[in-house]
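The values are calculated or read from the model by the stated rules, or taken from the named source; none is laboratory data. Everything quoted here is computed from the prediction, not taken from an experiment. Backbone-built Cβ (ideal geometry, glycine too); neighbour counts: all protein chains shown.
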Amino acid sequence: MPGVFAIDPLADPRWDELVARHPRASIFHSRGWIEALSRTYGYEPVVMTTTGDGPLENGLLLCRVRTWLSRRLVSLPFSDHCEPLVDTRQDLATVLGAIRRDIESGRWRSFELRPRSSPPVGLARGSEYWLHTLDLARPASQVFSGLHASSTQRAIRRAEREGLEYEVGTSDTLLAAFYRLLRLTRRRHGIPPQPFAWFRNLVTCLHDRLAIHAASKDGLPVAAILTISFGRTMVYKYGGSDATRHNLGGMPFLFWRAILGAQSQGLAELDLGRADLDQRGLITFKQHLGATPTRLTYRVFPEGRIAPARSGTLARVVQSVVKRLPDAALDLTGRLVYRHLG
């Protein structure tokens, strides 16, 4: 029976080589994403593999999440999906068996795997989401015709008539504008924003893979999104907008400009990320972009240890309080809680 080895993906160059050549690798496997997670939240990244010496043949990337509230293994925190880069069912079973033994020994309380399409190999079902993707390997005219005519297409034309200005980059000015709009959006939903340091570290660690897209009216940003690219895929990860200026069509306009930019770079897919099954507004928005939904099913061990969040009385009370916090307190809340949630 093959052994299982643990390697550091930030120190072992063989991980970068595997990610570069593996067809199921994504931005969430990349050195930049892993390093940003480690810098911001203090998580310890580990790759479990059946390879000892020599070229890395496979690997399951995870983070050790160790806080005073939690002691978990997650593949991978704050990542919509993270495929095991393991090509045979036997090797995957071997790696997962080693992880199960670690949990049964009491070293860790639970394990969560977030595959996009890999077989579960005996793990219980965990949280479920919709993942929306848009095919960009078509002429721009076909992509545009697939947008919802009475909402998305109309909003883009409205934005163009309003003369919205488009800017893309990673400057400090753009990052600050993006974060202000993200905070506005998170406040509307009663959720604190992620720490500003997370976005600063993403910019630093991902370099030209990351882009902030902003739409402005008369010099004032009204909407912004953050995308990251890997291989032939652009991933939409975060966004924010000023609700008082939604009538200008800023968000549909930004997505359309991001789509055109992705196509000019030869990218073939826009990954719009996950949505909770009951997030009807978000799901509708993504469908109006012409995106196709597929089911994301996370896998957990032990069964029932990780439960999906559900709205209820307590959640509504928390959201009500969060909406009323001043900016400084809202940001502090984000800095305090997100490390425990990865």
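Quick notes on this structure:
- Verdict on residue 168 being touching a residue at least 60 places away in the same chain (Cβ under 8 Å), surrounded by fewer than 18 Cβ atoms within 10 Å (Cβ to Cβ) and under 23 Å from the mean Cα position of the chain (by Cα): yes
- Search result, residues across segment 1-39 that are outside any helix (DSSP H, G or I) and among the small types (Gly, Ala, Ser): 3, 6, 11, 25, 26, 30
- Condition check for residue 284: in a helix (DSSP H, G or I) and under 20 Å from the mean Cα position of the chain (by Cα): yes
- Residue within segment 261-270 that is under 23 Å from residue 26 (Cα atoms), among the acidic types (Asp, Glu) and either touching a residue at least 40 places away in the same chain (Cβ under 8 Å) or buried (at least 20 other Cβ atoms within 10 Å of the Cβ) (or both) present: yes
- The one condition in (1) out of contact with any strand residue (DSSP E or B) (no Cβ under 8 Å at 6 or more places or on another chain); (2) under 25 Å from residue 170 (Cβ atoms); (3) of a type in the set (Ser, Thr, Tyr) that residue 238 fails to fulfil: (1)
- Exactly one residue out of 314, 341, 270, 330 is at pLDDT 95 or above and out of contact with any Cys (no Cβ under 8 Å at 6 or more places or on another chain), and it is 270.
- Hits in segment 141-156 (condition: in contact with a helix residue (DSSP H, G or I) (Cβ under 9 Å, 6 or more places away or on another chain) and at pLDDT 95 or above): 143, 144, 145, 147, 148, 152, 153, 154, 155, 156
- Checking residue 64 against (1) of a type outside the set (Phe, Trp, Tyr); (2) in a loop (DSSP other than H, G, I, E, B); (3) at negative phi, the condition it does not meet: (2)
- Test result for residue 282, of a type in the set (A, V, I, L, M), within 17 Å of residue 294 (Cβ to Cβ), free of Cβ contacts under 8 Å to residues at least 12 places away in the same chain and surrounded by 16 or more Cβ atoms within 10 Å (Cβ to Cβ): yes
- Candidate set: segment 213-234, residues that are surrounded by 23 or more Cβ atoms within 10 Å (Cβ to Cβ) and among the β-branched types (Val, Ile, Thr); chosen: the one farthest from residue 17 (Cα to Cα): 222
- Top-ranked residue of segment 67-123 - restricted to ones that are in a strand (DSSP E or B) and in contact with a Cys (Cβ under 7 Å, 6 or more places away or on another chain), ranked as surrounded by the fewest Cβ atoms within 10 Å (Cβ to Cβ): 74
- Candidate set: segment 235-260, residues that are of a type in the set (Val, Ile, Thr) and either in contact with a Lys or Arg (Cβ under 8 Å, 6 or more places away or on another chain) or buried (at least 19 other Cβ atoms within 10 Å of the Cβ) (or both); chosen: the one nearest to residue 135 (Cα to Cα): 259
- Residue-level analysis places residue 30 among those that are out of contact with any Pro (no Cβ under 7 Å at 6 or more places or on another chain) and under 21 Å from residue 197 (Cα atoms).
- When residue 199 is tested against (1) in contact with a helix residue (DSSP H, G or I) (Cβ under 9 Å, 6 or more places away or on another chain); (2) crowded, with 17+ Cβ neighbours inside 10 Å; (3) farther than 18 Å from residue 327 by Cα, only condition (3) is not met.
- Some residue of segment 108-115 being touching a residue at least 40 places away in the same chain (Cβ under 8 Å), in contact with a Pro (Cβ under 9 Å, 6 or more places away or on another chain), of a type in the set (Phe, Trp, Tyr) and under 19 Å from residue 5 (Cβ atoms): yes
- Residue match in segment 179-188 (condition: among the hydroxyl-bearing types (Ser, Thr, Tyr) and not assigned by TED's automatic domain parsing to the domain that holds residue 25): yes
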